[in-house]
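To start, the structure under review is shown below, and the notes come after it.
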Amino acid sequence: MAERRILVTGASSGIGAAAARRLAAPGRAIAVHCRQNRAGAEAVATDLRAAGAEAVILQGDLTDPATPARLVEETVAAFGGLEVLVANAGFADRTPVSALTDEAFARSADTILWGFLRLARAAGPHLKAAGQAGRAARIVAVSSFVAHLFRTDTTVFAASAAAKAGVEALVRSLAIEGAPDVTVNAVVPGYTRKDPGAHAALDPRAWDDILPRIPLRRLGTPDDVAAAIAFLASADAAYVTGQALHVSGGVVM
């Protein structure tokens, strides 16, 4: 049996892929979830196996209410249990509220907030059992700076901000419910580089305009965020729960 059994959603590219790679090591078993990018998930799984970890690929749309529980069940069936859930899947929507349809708002909420709720609810009994067995059970959710940064000179992501703010509130509620067996935390990425060819919410000129507003004067990388996820998923974070760790170069203080 693997020492650490892990499910990472949205792991075919970007932060999810970087987190899966950071968590890979001998004795680890990682379920790589994707919605459509099967080729990306296959590439990530290949890297995980090269690092000595077991890897399986799971596919599904988190807007389907049945998908989160199925992903948890398939992970447990493949590995025999679950110690770590990294809830990363999501997307950015910069549509102004005046133009935001009910359907578009619901898509953000369904993928980001409802997806996280359903994942945590399904994983809860498995994580609690792992924690009670002394196996360092962890939930790490990926939020976003857009839930914190509202300025007239910065793009506002209304639907994404609402969903991510809900994720952070849910993290705190879950931290109370999971204690003392399961720790629950969030990472809050700032402006983060996309993988080459990946969809970006902002154009290159907008990225250049943003740099002077970031105290560290650079965009984040997926691996910057993955390092924080790996810490929160580790035994070293045993006394950290209910927290939102900003990895934003200081753009949110």
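Since every read-out is calculated from the coordinates, none of them should be taken as a lab result. None of these values were measured; they are calculated from a predicted model. Positions of Cβ are backbone-derived with ideal geometry, glycine not excepted, and every protein chain shown enters the neighbour counts.
Structure above, values below:
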{"item": "Estimated FRET transfer efficiency (ARG213, GLU73; beta-carbon r; R0 45 Å; 0.05)", "result": "0.55"}
{"item": "Estimated FRET transfer efficiency when R0 is 25 angstrom, pair THR155-GLN36 (beta carbons, to 0.05)", "result": "0.45"}
{"item": "Amide H contacts under 5 Å for SER248, placed H, 5+ residues apart", "result": "GLY190"}
{"item": "Exposed-loop-free span, longest in the chain, where chymotrypsin sites (Phe, Trp or Tyr not before Pro) count as exposed if DSSP calls them loop and at most 16 other C-beta atoms lie within 10 Å", "result": "1-90"}
{"item": "Contour minus Cα-Cα distance for ARG94 and ALA66 (0.36 nm per residue)", "result": "7.3 nm"}
{"item": "Reciprocal mean inverse distance between Cα atoms of the stretch 107-243 - Kirkwood radius, Å", "result": "16.3 Å"}
{"item": "Debye log10 I(q)/I(0) at q = 0.19 Å⁻¹ for the stretch 26-95, Cα point scatterers", "result": "-0.80"}
{"item": "Efficiency of FRET between GLN132 and GLU103 - r from beta-carbon atoms, R0 35 angstrom, step 0.05", "result": "0.25"}
{"item": "The stretch 104-188: trypsin sites (Lys or Arg not before Pro) falling in loop per DSSP and having at most 11 other Cβ within 10 Å", "result": "ARG151"}
{"item": "Principal axis dimensions, the chain - Cα atoms, whole angstrom, descending", "result": "51, 37, 34"}
